[in-house]
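What follows is a single structure, written as structure tokens, with notes after it.
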Amino acid sequence: MLPYGRQDIRTEDIDAVVAVLQSDFLTQGPVVPAFEGAVAKKVGAQHGVATNSATSALHVACLALGLGPGDSLWTTPNTFVASANCAIYCGAKVDFVDIDPYTYNMSVVALEQKLRSAAACGDLPRILVLVHFAGEPCDLEAIASLATQYGVRIIEDASHAVGGKYRDHYIGSGRYSDITIFSFHPVKIITTAEGGLALTGDAGLADRMRLYRSHGVTRDPGLMESESAGAWYYEQVALGFNYRMTELQAALGLAQLDRLDDYVARRHALADRYDELLSSVPVVTPTRGHDRYSALHLYPVCLKSPDVRETVFNGLRSRGVGVNVHYIPVHTQPFYQARGFQWGDFPAAESYYRRTISLPLFPAMTDDDLATVVGALEETLESV
Ligand SMILES: *Cc1c(COP(=O)(O)O)cnc(C)c1O
């Protein structure tokens, strides 16, 4: 089965991981800080905080921004559940803003309306989690200006958008948000097996995220409440977690980071070819904005009717094409239905979900693989 996404591991990756295995530190050594610095430098951010997943990075980001009981966080329904769950971890509430039917990202119009009515009843969220769906950056400038107007903080969940750009600046540069989160899960743009990273331009936020990443324990006198009792001394000043990345993961990430631009360029070449081959096929291909550069984590196509989705999906799988669906709207999950949401709440995300199928897209895919996918899609469409 041709998968919808797959990591690319080379000899230099393996050598880098083996070198760490033969070194003094498997965790809490020099490679994690080197990786944090390298990612921050690459995207033009001040501080990087590596974690054992994007999910834990989202959690520490919310804690650092002070999210707690009585607060709320808004995100898009067209995302993986982790973008919303981070609020629940903090005892806060979640709400959603419907998507734009053309970009599948959070709709600026829907956001503006929702902020206006929330402001009128004193119910504004503390945090907005943006998701650059499929790697296509959101309307960052418009959303950041609304966030400033209403005093809302922004986390970019850029799990799909590592290596993407908005107006010539890498996603993660922090020009339009407080914190940006990357995921390095193997299906994403570059991998550390499991792993994530939070980027910020604010040294205080970076300190707090580091604290929550590591038990709430600090050896930094500047963060302690009492005078140091000696060189052995540390203090627990908050309730944190063990969300650390290992040295092995960071070594793999550093080796992969060297190839980031090549990976995204290859994804663009493949997507251009898909666009071309699908121009005569009755599906809607993803839009790419002229002022931004998608990282193209996914290549979702939209069918003309929801009635044929299951047949097309099964037809592709039976022909060895490992398609997937991104995403079942988060608010329709049983966990969120138990918190008051229901089908019908966010119709644009639901309508998109019923018609979408993500075609395979990963750098090691060949032009022949791609032709096979398109051929199989044409065949299944003719059969419905
Ligand atoms: C993959 C993903 C996550 C979670 O990433 P992990 O590193 O697996 O924790 C969060 N948000 C989005 C949008 C994702 O695609």
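The values are calculated or read from the model by the stated rules, or taken from the named source; none is laboratory data. These numbers were taken from a predicted model, which means no experiment stands behind them. All Cβ positions, even for glycine, are placed from backbone atoms using ideal geometry, and neighbour counts span all protein chains on display. Protein only, heavy atoms only, side chains kept; ligands, DNA and RNA dropped before computing areas. Shrake-Rupley method; radii C 1.70, N 1.55, O 1.52, S 1.80 Å.
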Quiz item: Among the helices (runs of 4 or more DSSP H) contained in the range 270-384, which hold 1 or more residues that are of a type in the set (D, E, K, R)?
Solution: 309-318, 347-355, 367-383
Quiz item: If you go through the range 296-306 one residue at a time, do you hit one that is β-branched (Val, Ile, Thr) and under 26 Å from the mean Cα position of the chain (by Cα)?
Solution: yes
Quiz prompt | Selected residue [among the hydroxyl-bearing types (Ser, Thr, Tyr), open to solvent by 10 Å² or more (accessible area, probe 1.4 Å) and either modelled with pLDDT of 95 or more or touching a Cys at 6+ places or on another chain (Cβ under 7 Å) (or both)] from THR380, THR285 | solution = THR285
Self-check item: Near pairs, Cβ below 7 angstrom, 6+ apart or cross-chain, from the range 328-346 (not assigned by TED's automatic domain parsing to the domain that holds ILE88) to any residue that is among the charged types (D, E, K, R)
Solution: PRO329/GLU350; HIS331/ASP345; TRP343/GLU350; PHE346/ASP98
Quiz item: Would it be correct to say that THR75 is farther than 25 Å from THR246 by Cα, at pLDDT 95 or above and of a type in the set (Val, Ile, Thr)?
Solution: yes
Self-check item: Pick from the range 117-130, criterion in contact (Cβ under 8 Å) with a residue 12 or more places away in the chain and not hydrophobic (A, V, I, L, M, F, W, C), ranking: surrounded by the most Cβ atoms within 10 Å (Cβ to Cβ)
Solution: PRO125
